[in-house]
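Undergrad: Once you've had a glance at the structure underneath, I'll fire off some questions.
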Amino acid sequence: MRPDYTEVFQDPRAVTKYAEETYADGTFSSTVSERQRQWLRGFVSQMFEAPPVQHDFACGTGRAIRMLEGMVSAAHGYDTSAAMLAKAADLGTRARLHLVSPTGVLPTGSDQPNLVTLFRFLLNASEPVRHRAMQFAAGMLPDRDAGLLVCENHGNARSLRHLKAVFGKLDTELWFAELSHGELLELFDQYGFEVVASQGFTLLTRSFYHRAALSWFAPGLDDVVSRRRWSAKLATDVVYVARRKR
């Protein structure tokens with residue numbers, strides 16, 4: 001993993017590439033994101049009697065906020081990058097967007113129930129930044145009745161993606177990080193959270209979607225696989241739902 005991950009997205013050019021190329025229509029990332037959106041909207045409607053207040057840490061371009069538009073009573077996005085927040089606004093993200101410092105006091109929420117979302121962040125963040133994200137979540141969710149934490153791991157160590165690290169030739173100019181199920185459980189436990197649900201969203205990897213010989217069947221196969229209960233164990237991209245233990 002490159003050490004400057006969080007610094008890269010201070011550059012408006014990197015932000016534009018992320019929003020317009022990584023998540024362009026029909027790409028691997030946009031297809032997985034749509035599966036997440038459909039599942040997350042159904043899950044939130046089942047788990048909350050009243051629409052929660054969403055607090056999206058490292059909100060970036062506001063993707064996780066737009067996923068839940070109309071499902072929450074209010075939304076707040078927090079990021080250290082002014083360029084990311086500007087792009088979120090440009091994309092029509094309906095939320096209060098907050099520029100926060102990478103260090104110092106973290107914001108806390110007063111409205112309940114709360115939904116804290118952490119998407120496409122923990123995997124490539126440094127260890128101190130991961131802990132800062134969990135401190136944020138614990139502050140927004142001080143007890144078991146305060147709401148839920150929804151956290152994405154888009155580099156599950158027990159997946160096909162792992163084979164690239166074992167047998168493939170890694171490009172040192174690209175990020176390649178992994179997080180295991182055990183590592184995430186340990187991180188959650190350290191801050192008083194327990195996992196109550198998990199869901200996988202793609203068994204296959206980006207290369208299956210972007211190679212002409214494979215792309216015709218990859219999305220359909222993953223659509224079927226992602227509905228299976230066991231998908232979270234082997235999926236490349238996994239979303240965890242956690243709540244405070246007490």
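The values are calculated or read from the model by the stated rules, or taken from the named source; none is laboratory data. Keep in mind it's a predicted model, so treat the numbers as computed, not measured. When we count neighbours, we look across all protein chains shown, and the Cβ atoms used for this are built from the backbone with ideal geometry, even at glycine. Areas reflect the complete protein model, heavy atoms only, side chains present, ligands, DNA and RNA absent. Shrake-Rupley method; radii C 1.70, N 1.55, O 1.52, S 1.80 Å.
Undergrad: I'd like to check which helices (runs of 4 or more DSSP H) are fully inside the stretch 187-246 and have at least 1 residues that are open to solvent by 50 Å² or more (accessible area, probe 1.4 Å) and of a type in the set (Phe, Trp, Tyr).
TA: Fully inside the stretch 187-246 and qualifying: 206-210.
Undergrad: Would you point out the residue of the stretch 164-182, among those that are of a type in the set (A, V, I, L, M, F, W, C) and modelled with pLDDT of 70 or more, that is surrounded by the fewest Cβ atoms within 10 Å (Cβ to Cβ)?
TA: It comes out as Ala177.
Undergrad: Only one of (1) surrounded by 18 or more Cβ atoms within 10 Å (Cβ to Cβ); (2) out of contact with any Ser or Thr (no Cβ under 6 Å at 6 or more places or on another chain); (3) farther than 22 Å from Leu40 by Cα fails for Gly104. Which number is that?
TA: The single condition Gly104 does not satisfy is (1).
Undergrad: Taking the stretch 75-85 only, how many residues are open to solvent by 30 Å² or more (accessible area, probe 1.4 Å) and more than 17 Å from Phe136 (Cβ to Cβ)?
TA: 1
Undergrad: Of the numbered conditions (1) under 18 Å from the mean Cα position of the chain (by Cα); (2) farther than 26 Å from Gly147 by Cβ, Ala83 satisfies every one except a single condition; which is it?
TA: Failing condition for Ala83: (1).
Undergrad: If you don't mind, another one. Cβ-Cβ under 6 Å, sequence separation 6+ or interchain: first residue in the stretch 64-78 and without any contact (Cβ under 8 Å) to a residue 24 or more places away in the chain, partner β-branched (Val, Ile, Thr) and crowded, with 21+ Cβ neighbours inside 10 Å. Which pairs?
TA: Once the first residue is without any contact (Cβ under 8 Å) to a residue 24 or more places away in the chain and sits in the stretch 64-78, its partners that are β-branched (Val, Ile, Thr) and crowded, with 21+ Cβ neighbours inside 10 Å give Ala75/Ile65; Gly77/Ile65.
Undergrad: Which count do you get for residues in the stretch 183-222 that are of a type outside the set (Val, Ile, Thr) and either more than 27 Å from Leu148 (Cα to Cα) or at pLDDT below 90 (or both)?
TA: Number of matching residues: 19.
Undergrad: Now for a different question. Test Ala133 against the criterion of being part of a helix (DSSP H, G or I), in contact (Cβ under 8 Å) with a residue 40 or more places away in the chain and in contact with a Gly (Cβ under 9 Å, 6 or more places away or on another chain), and give yes or no.
TA: no
Undergrad: Among (1) modelled with pLDDT under 95; (2) out of contact with any Ser or Thr (no Cβ under 8 Å at 6 or more places or on another chain); (3) surrounded by 15 or more Cβ atoms within 10 Å (Cβ to Cβ), which single condition is Arg37 missing?
TA: The single condition Arg37 does not satisfy is (1).
Conditions tested, residue by residue: (1) closer than 19 Å to Ala242 by Cβ; (2) open to solvent by 10 Å² or more (accessible area, probe 1.4 Å); (3) basic (Lys, Arg).
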{"residue": "Arg63", "(1), (2), (3)": "no, yes, yes"}
{"residue": "Thr93", "(1), (2), (3)": "no, yes, no"}
{"residue": "Leu99", "(1), (2), (3)": "no, yes, no"}
{"residue": "Gln112", "(1), (2), (3)": "yes, yes, no"}
{"residue": "Thr117", "(1), (2), (3)": "yes, no, no"}
{"residue": "Leu122", "(1), (2), (3)": "yes, no, no"}
{"residue": "Pro128", "(1), (2), (3)": "no, yes, no"}
